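Novice: Handing you a structure now.
Read the figures in this text as sums done on the coordinates, not as results from a lab. Worth saying up front: this structure is predicted, and the values here are computed from it rather than measured. Here the Cβ positions follow ideal geometry from the backbone for every residue, glycine too, while neighbour counts run over all protein chains shown.
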Amino acid sequence: MDIFWKICFGFSITVCLTALPVAPARGAAAEREKVLDGAKKEGRLVLYTGMETDEASLFTKEFTKKYPFIKPEIFRSSGEKVQARFMVEHRANTHLADVFQTSIVQVYQLKNAGMLARYVSEEAPAYAEGFKDAQGYWTAFYQIPYVIGYNTRMVAAKEAPASYEDLLNPKWKGLISLETEEYQWFYHTLQLMGRDKGLDFMKKFAGQNLQMRKGHTLLAQLVAAGESAIATVVYSNRVERMKATGAPIDWVRFKGPTISAINAIAIPDKAPHGNAARLFVDFVLSREGQNLLRGLRRIPARADVTPDPPSLTQGLKLYPARPEGMIENFNDTVARFEEIFNRVK
């Protein structure tokens, strides 16, 4: 019998449990105080983000309400431009960014380049496997389910394609649009279907005389305007916003896996204000931070925070589009996509 329980034998269970070691909790509290003290000394946070400016401003505003001793600064651009600037600065040994938040594609590339610090937030347990890095280098911030969108005046709900295979119906020929650089969808669809079956589908799909257009916002707008009856990939939350304004557009709820792209958050390995960065990551991953996303009609990645409306994820079998594999096979993925859909020889 363990020596602790030998000593406790004969005492009440309450006494024994009260006497159990509490060092881990005290240790966590001490670590938290250390981070707070460090952040107070730093007094600054620089956020590199792909979010819209008003969204990033909302998060930093709410963050400073909790931590008024930290002054935030924002550099906002497209994910590719944010990454490019960060990498140029890093190679020049100029380190400005404390938090890096963009598509998982850019975040994962920085991880592979050894430019991220490992940080497992205290909020990480609330995130399902697939929505966080097993090694602790990133956590999903929000997600973007890839769904089929359709014009409700041109396509009856009962006739809308319920799967990608349904898009091969001859009646949809010439009525479907696809984004010109839909590489993530292409790669993960092949993973779900199996490479051989998936490539066979893609070749048949390309024969549907697709309208190739750049930008998911444009695709949704074209569907709502009736210039395209169906868009292969649109963002469900954007469709819901358009529906709320009366636009004749809706989206398909798959019975099978729904590919969901990941927008992630991470801390650079040379972050000059690392303690403030940890506090910010904890904040955006918390229920409070994820509810801010809900208010913005984004789809939270946190499992216990539902989107607005809840139907954006209810009943869906979400398949997180993790970067492993896709990044390593990116050149081949792009080449095959271009060969099939953009007829590059």
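Novice: Can you give me the Cα centroid spacing of region 195-245 and region 246-273 in angstrom?
Specialist: A separation of 17 Å, based on Cα centres.
Novice: Still on this structure: Considering only C-alpha atoms, what is the centroid distance from region 30-85 to region 99-143, in Å?
Specialist: Distance between centres, Cα-based: 16 Å.
Novice: To continue, here is another question. Holding the Cα-Cα limit at 25 Å, pick out from K66/K243; K171/K203; K204/K243; K61/K214; K132/K197; K197/K243 the pairs that are longer than that.
Specialist: Where the Cα-Cα span goes over 25 Å, the pairs concerned are K66/K243; K204/K243; K61/K214; K132/K197; K197/K243.
Novice: Each residue of region 28-35 in turn: what ³J(HN,Hα) in whole Hz from Karplus with 6.51, -1.76, 1.60 and θ = phi - 60°, glycine and Pro shown as x?
Specialist: With the stated coefficients, region 28-35 comes to 5, 5, 5, 5, 4, 5, 5, 5 Hz.
Novice: Roughly how many nanometres apart are two label points built 7 Å out from the Cα toward the Cβ at E339 and K65?
Specialist: For the pair E339/K65, the computed spacing is 5.4 nm.
Novice: Which one, G295, A276, A335, is farthest towards the positive end of the dipole of region 228-345 when Lys and Arg carry +1 and Asp and Glu -1 on their Cβ?
Specialist: Towards the positive end, the residue furthest out is G295.
Novice: I would also like to ask the following. Please give the net charge around E328, taking every other residue with its beta carbon less than 14 angstrom from that of E328, where Lys and Arg add +1 and Asp and Glu add -1.
Specialist: Net of charged neighbours comes to 0.
Novice: Under a GNM of the chain (C-alpha, springs under 10 Å), which listed residue has the highest mean-square fluctuation: V88, V239, V155?
Specialist: Fluctuation is largest for V88.
Novice: Tell me what the chain gives for mean residue ellipticity at 222 nm when only DSSP H runs of n ≥ 4 count, each as -39,500 (n - 2.57), the sum divided by the residue total, rounded to 500 deg cm²/dmol.
Specialist: Theoretical 222 nm ellipticity from helices: -12500 deg cm²/dmol.
Novice: Give the long-range amide H neighbours of V147: residues separated by 5 or more places, or on another chain, with amide H under 5 Å away, using H modelled in the peptide plane at 1.01 Å from N.
Specialist: Long-range HN contacts for V147: V234, S236.
Novice: For a quick protection proxy, order the peptides 188-198, 216-226, 258-268, 320-330 by their average other-Cβ count within 10 Å, most packed first.
Specialist: 258-268, 216-226, 320-330, 188-198
Novice: Let me make sure I get this right: for region 186-345, a, b and c are the square roots of the gyration tensor eigenvalues over alpha carbons, sorted descending. Under 1.5 in a/c it's rounded, otherwise prolate if a/b > b/c, else oblate. Which is it?
Specialist: Since a/c reaches 1.5 but b/c is at least a/b, the shape of region 186-345 is classed as oblate.
Novice: By how many degrees, between 0 and 90 and to the nearest 10, does the Cα long axis of helix 195-206 differ from the longest principal axis of the chain?
Specialist: So the inclination is approximately 50 degrees.
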